[in-house]
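Down below is the structure, laid out as structure tokens.
Coordinate-derived values only; no laboratory data. Everything numeric in this text was worked out from a predicted model, so none of it was measured. Note: ideal-geometry Cβ built from the backbone for every residue, glycine included; neighbour counts use all protein chains shown.
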Amino acid sequence: MLLMLVNVATSPLYLRDVERVDKQDDRAAARLFSAEALDCLLLNFPEHRAMAVYLFVLGELINAWQNRHISHAKRIRMALRARYFLMVWHAHVDAHPDHRHDVHFISRESFDICLRLCDGLIELIVVYREFYPAYPLLPWLHSTEMLEHFFGVLRSLKKDFNFADALWLEPKLRTLMMGAFKDLAPEEQENVTAAGYWTTYHIAPDYNGKVLCNFPPNSVFDSQSQRAIRDVTMLCDAIGIEALEMLEAYKPPTYDDGATTTDRSHEPHTTLHNLLNGFPLISPASVVLEDAQDMAQYALDAQSTDATMEILDLSDSDPNELAELQTTIAQALQELGLSDTAVGSAQHVVHDLEGSSTDLNREALVAIRKSHQMRATSRAVCQLKASAGFTLAEVVEGQKSRARRKPKEGEASGNTPKESLRKQIVCKARAKGVAIQSGPGVTSGTGRIIRHTGVFVAEPDTSARAKQKQITQGVAAQEFVTTRTPFFSSLQVPGSVNVITANISADCPLVPGDWFLFLRPGRQDEPTPMLLGQVITMYTNSGTKGATHNYTPQISSVGAPSYVGAQVFTPAYGNVYQSIACPTLHATTFMHVPRTHIMLSLARDCALISTNPVTKGSRPLTLCYLGEWSNSKTWYLVSNADLYVGALREMLNPKKKEEPKKKGASAA
């Protein structure tokens, strides 16, 4: 879904926000949960309501912490709305017989973090109201963002710093970090696509201290809780879930405390420092090797010492700065009780989700998100909007950051940021004749290709690693077909059908939208019926342990996919199947089907398979009409499902061959 969204011409997302995304790029998350992304989704893919509700609710939870001006009563409603939504979602997965938390829900760690965010914000409001009523609650400062900023500054000076380096840097930290704030304008930080941590805790142009000092009484908590329940009920009605029933049925998850959740993929990388620390335990094999080891150790020590000396050479903070900061804070607190802080017009606009319609109101949802999200988020989204009328110069100009872009006619010049310290130093150096590198920076991606060649041509990935990965995937797919052959060779379907390959080949590949038959994945003690599914998405990997899953637009071998995402259709009458696969909840069913459970592709009959959307809205009903060939093969496999289940279990749990008895051993 996100890949389709990023390919929209007006998408606010970058491709790298979806493919090979940097997990530490805060801007990628900001763009995904932005009002612009929600607007683009509802405008271009209105049928994906569940995704829109997810982006809206979780985006509101983030802004309940990050927003600088909204009242604490609104924060309570936003936090409780997210909590109730997650509880409803969790209970719905529990109630659905074919859904599992490890597939159809966020990870248990993410669930626990989200609940802590909801509860923690409400607890902070109560604590400030009871113990610090004279101080404004700034929830965005109750985070590790400042600590990450400190680590980023320290790591820029010395990558492998230790505790002593942190202690030496502490007296110089205030001056250093304040200088880092002024080094780049906010617009320059907001439009960098991926450059590590994105610190915005010091940016508060719409800060409203008086509102943040107003703590609501318990009665407001009650009313906001009721509003949050109404919001969740309306949102869940739009996606076909009875929120009130699920809230009553919700049971907090219980986890095994003894279970380990260690992910070996996140273990620290082996560094030269670690290798050299462990190397002296092994005696060198020769004098030459011992000399090389000593030289490497000396170089490492020299580099570490040089970085430490750079930290010590930094100027210490002026003690008077601390007194000035204390005076400024005292004056700000005094002003909160004397004058009203101007509130932007966006805060006076009242947006509510309450209504009788089960359709999602795009204008209302986007307006709420825009009024709550940070200004920095709006500036961080992809600014380039594709249009047939764009010239080459406009495309190149669109690739530049806002800070480097030429001001348009009519723009206010008084909003330009103050000249940074770096620019002042560069100007003074040039005045004294010191050569400083100048000119536009080198952009990457589309901007660089257009600047060098004048045209943009998307070249396929022909790197050696990509070729090696393709070869590995092909070998793994062929090995799987070879493993599958002895178990399914005797279960061929009458006619020109090959169950061993599931009728998937290069001439008849499986693509999204096609239909196929599969055995229900799950535990061996659970029923394993033969089901009909429509392909939603497909993923593949190299087949090695711990390999990542990558999206693939089509598969030409049953051994190629790691799993296929499918919507399940159940028999209605004759050759007709329906999309309501869970009658108890009157809901649809989606499954991740591993390649082992794929039995037969119906892609060759796709021209004769038709669908008819009977009802739309929150509980859509779609009927599927199978063709003559696909219907006959479906009924044959369904009638002989027990045979295919037995073959599948034998393939997944092969019996170990008995070892031949030793010669001369006595018979027992």
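At R0 = 45 Å, how high is the FRET efficiency between T483 and Y625 if r is their beta carbon distance? Nearest 0.05 is fine.
It comes out at approximately 0.80.
Eigenvalues of the Cα gyration tensor times 5, then square-rooted: what semi-axes does that give for the range 470-652, in whole angstrom, largest first?
Semi-axes, largest first: 26, 19, 17 Å.
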Check: How would you rank D160, D514, D507, D642, going from fewest to most other Cβ atoms within 10 Å of each one's own Cβ?
Finding: D507, D642, D160, D514
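Per residue Cα convex hull volume for the range 492-557, in cubic angstrom?
Details: hull volume 8.7 nm³, N = 66.
Enclosed volume per residue, from the Cα hull, is 132 Å³.
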Notebook entry, point to check: Taking only the alpha-carbon atoms of the range 19-152, what semi-axes of the equivalent ellipsoid follow from 5 times the gyration tensor eigenvalues under a square root, in whole Å, largest first?
Noted result: 28, 19, 16
Checklist line | 26 Å Cα-Cα threshold exceeded, pairs from K74/K616; K74/K210; K251/K370; K23/K159 | finding: K74/K616; K251/K370
Notebook entry, point to check: What relative contact order, as a whole-number percentage, does the range 470-652 give when Cα pairs under 8 Å and 6 or more residues apart are counted?
Noted result: 24
Item checked: Distance between modelled label sites at E123 and D291, nm, 7 Å Cα→Cβ extension -> 6.2
Checklist line | Farthest positive-ward along the range 470-652 dipole, Cα basis, beta-carbon charges - from N575, N498, T540 | finding: T540
Next item on the list: Starting from the Cα of R362, move 7 Å in the Cα-to-Cβ direction to define the label point; list residues of the range 31-68 whose amide nitrogen is under 18 Å from there.
Entry: 33-57
Next item on the list: Could you tell me the largest-minus-smallest coordinate of the C-alpha atoms of the range 111-175 on each of the three principal axes, in descending order and whole angstroms?
Entry: 41, 34, 16
Check: With each label point set 7 Å from Cα along the Cα-Cβ vector, what nm distance links R465 and A164?
Finding: 3.7
Check: A134 versus T615, label points 7 Å from Cα toward the beta carbon: distance in nm?
Finding: 6.2
